[in-house]
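Here is the structure we will look at.
The values are calculated or read from the model by the stated rules, or taken from the named source; none is laboratory data. These numbers come from a predicted model, not from an experiment. With ideal geometry, Cβ positions are generated from the backbone for all residues, glycine too; neighbour counts draw on all protein chains shown. Heavy atoms of the whole protein, side chains included, go into the accessibility calculation; ligands, DNA and RNA do not. Shrake-Rupley method; radii C 1.70, N 1.55, O 1.52, S 1.80 Å.
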Amino acid sequence: MTAALVSAPATEPVSLADVKAHLRVDGTAEDSLLQAAILAARTHVESETRRKLIAQGWRIYFDEWPSGRTIDLPIAPLISVDAITLYDIVGVAQILDPDAYRVDAARLPPRIVARLRPQAGLYDNGIEIDVTAGYGVSSLAVPAALRQAILMLVAHWYEHRGAVGFDRAGDVAPLGFEAMVAPYRVRSL
């Protein structure tokens, strides 16, 4: 199983203005540095929690449908399954009818349950599942604790711009970060 980003989030869960207010930074001299830190912090929080924060499109590749009828998806929270494409032995795509499967988005990790086990004729990435994942299109949909974790990371990285060390002041994540993200961690597959 492999997952690839198809469409990036249109916005970030924390705005540049939010970060500048949090850091008490005036002016625009540091804006590009802060925007890069916001992106890196969102990516770090998504990696730590195994959750996507703002709506984004992903394509998940499988060689074949697992034994049984259920596929656990490695991306949460799931907004929608947009398409399931099966490739036959000559590489011709066939879209699986949405009536042929049920999506369980409430479960973590989310899953797809097929009515019958689909067969892909091509065994290398013969199944593509396009999904939209995230809490929503707005930063207001993202839990406050995860937005705060991003602010904490950006502030920490802004203060400690050099190489990361092993002393407490140089840790990748600031004190309290783990407590902020712990309730949102999704178990790995």
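Below are the figures for this structure:
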quantity	calculated
Any hit, the stretch 128-140, residues being over 30 Å from Ser15 (Cα atoms) and surrounded by fewer than 17 Cβ atoms within 10 Å (Cβ to Cβ)	no
Condition check for Ile127: touching a strand residue (DSSP E or B) at 6+ places or on another chain (Cβ under 7 Å), closer than 30 Å to Arg42 by Cα and modelled with pLDDT of 90 or more	yes
Filtered residue count, the stretch 61-85, keeping only those that are more than 20 Å from Thr132 (Cβ to Cβ) and touching a Phe, Trp or Tyr at 6+ places or on another chain (Cβ under 9 Å)	3
Neighbours by Cβ (under 6 Å, 6+ apart or cross-chain): first from the stretch 109-123, closer than 25 Å to Tyr184 by Cβ; second open to solvent by 70 Å² or more (accessible area, probe 1.4 Å) and assigned to a loop (DSSP other than H, G, I, E, B)	Val113/Arg69
Residue in the stretch 1-15 that is nearest to Met152 (Cα to Cα), counting only those that are outside any strand (DSSP E or B) and open to solvent by 40 Å² or more (accessible area, probe 1.4 Å)	Ser15
Residue selected from the stretch 52-69 under the condition modelled with pLDDT of 95 or more and not in a strand (DSSP E or B), by the criterion surrounded by the most Cβ atoms within 10 Å (Cβ to Cβ)	Leu53
Enumeration of residues in the stretch 21-36 that are open to solvent by 70 Å² or more (accessible area, probe 1.4 Å) and assigned to a loop (DSSP other than H, G, I, E, B)	Arg24, Asp26, Thr28, Ala29
Test result for Ser80, surrounded by fewer than 16 Cβ atoms within 10 Å (Cβ to Cβ), over 30 Å from Pro174 (Cα atoms) and modelled with pLDDT under 95	no
